[in-house]
Amino acid sequence: MILSSNQTMVTEFVLEGFSEHPSLRFLLIGCFLTLYTVALIGNIVIIVLVISNTGLHSPMYFFLCNLATMDIVCTSSVLPKALLGLVLSEENTISFKGCMAQLFFLVWSASSELLLLTVMAYDRYVAICHPLHYSSRMSPHMCGALALGVWSICALNASVHTGLMTRLSFCGPKVITHFFCEIPPLLLLSCSPTYVNSIMTLVADAFYGGINFFLTLLSYGCIIASILRMRSAEGKQKAFSTCSSHLIVVCVYYSSVFCAYVSPASSYSPERSKVTSVLYSVLSPTLNPLIYTLRNKDVKLTLGRLLSSFSH
């Protein structure tokens, strides 16, 4: 990248974090540390339960295990650095390479979660609307291919966004008005044209936030129609219980993502972005294992057996 003689290349950024609210520092440290601990433990427990219990070796729990892995990657790419900045109570710097690495893992995990939620909605659709064909449509080979496709497509998406970001020139200011490296605040700092980046961001938003959301709604529309056609009240309750947890997770995650990303760049608000980013990068990974554990009978039974085996 060629810069004029009076410009210098930015080699590190300063994460503003929540420095504009110093009175909330200790409260934020306590909240973030608690949420990160719960997120890590909860998602690791989900993975251990699914792997260790053959009764949970089904497509639904296989995808749940993938979701838990993505949640760990997502929250671990954001919170440790944010906590460090709060604890040190000084300028929270991050190198250019470190910033790009954080951006890659965050985009990878966040987009993977959106795509996986669509796959999980399709899994529930087949289970409830076409139960006789479930074992053939959701075979181990198909589930493995879907999971691999999710990770690969989203890794490609993250690579494109990160690669385009590294091609931009950053010559000051270097303060990112956020608590982690995210696309919108980084584009605002660039002193070179960001047209291609903006176009690719819109394409990604249309695919992950638009097409995936539509497919998820379509799956649940078919599921709800199928449940309403059931004559047995017990059958309706059983069918709804198999997808209610996933529906709650979908509502929480899409709500936070839409608030954070589906808005024109001109209306970007640092304060609003920080709040909505906490929802999808911190709160959602913490709530997901709790929602699936507390609302899922099979997971609760497996967890109970595991805890009782430790107590004896």
Problem - Any hit, the range 213-226, residues being more than 23 Å from the chain's Cα centre (by Cα), over 20 Å from Val10 (Cα atoms) and modelled with pLDDT under 85 - result: no
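Can you pull out every residue in the range 189-198 that is open to solvent by less than 70 Å² (accessible area, probe 1.4 Å) and part of a helix (DSSP H, G or I)? Even if it seems obvious, please write down each step before you answer.
Taking the range 189-198 as the starting set, the residues that turn out to be open to solvent by less than 70 Å² (accessible area, probe 1.4 Å) are 189-192, 194, 197-198.
Leu189, Asn197, Ser198, listed by residue number.
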Practice task
Would you confirm whether any residue within the range 141-156 is on the phi < 0 side of the Ramachandran plot, surrounded by 15 or more Cβ atoms within 10 Å (Cβ to Cβ) and touching a strand residue (DSSP E or B) at 6+ places or on another chain (Cβ under 6 Å)?
Solution key: no
Exercise for the section: Looking only at the range 43-60, count how many residues are open to solvent by less than 20 Å² (accessible area, probe 1.4 Å) and either free of Cβ contacts under 8 Å to residues at least 12 places away in the same chain or out of contact with any Asp or Glu (no Cβ under 8 Å at 6 or more places or on another chain) (or both). Expected result: 3
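Name the residues in the range 163-174 that are open to solvent by 40 Å² or more (accessible area, probe 1.4 Å) and in contact with a Leu (Cβ under 8 Å, 6 or more places away or on another chain), would you?
Here is the first cut: in the range 163-174, the ones open to solvent by 40 Å² or more (accessible area, probe 1.4 Å) are 166-167, 173-174.
Residues satisfying the conditions are Pro173, Lys174.
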Exercise for the section: Only residues that are at pLDDT below 90 and either open to solvent by less than 40 Å² (accessible area, probe 1.4 Å) or under 17 Å from the mean Cα position of the chain (by Cα) (or both): list them for the range 19-41, please. Expected result: Leu28
Completion exercise
Within the range 52-81, the count of residues that are in a helix (DSSP H, G or I), modelled with pLDDT under 90 and over 24 Å from Val250 (Cβ atoms) comes to 3
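The values are calculated or read from the model by the stated rules, or taken from the named source; none is laboratory data. The shown structure was predicted, so the numbers you read here are calculated from the model rather than taken from an experiment. For neighbour counting, all protein chains shown are included, and Cβ atoms are generated from backbone atoms with ideal geometry for every residue, glycine included. Ligands, DNA and RNA are stripped out before the accessible areas are found, and what is left, the full protein with its side chains, is counted by its heavy atoms. Shrake-Rupley method; radii C 1.70, N 1.55, O 1.52, S 1.80 Å.
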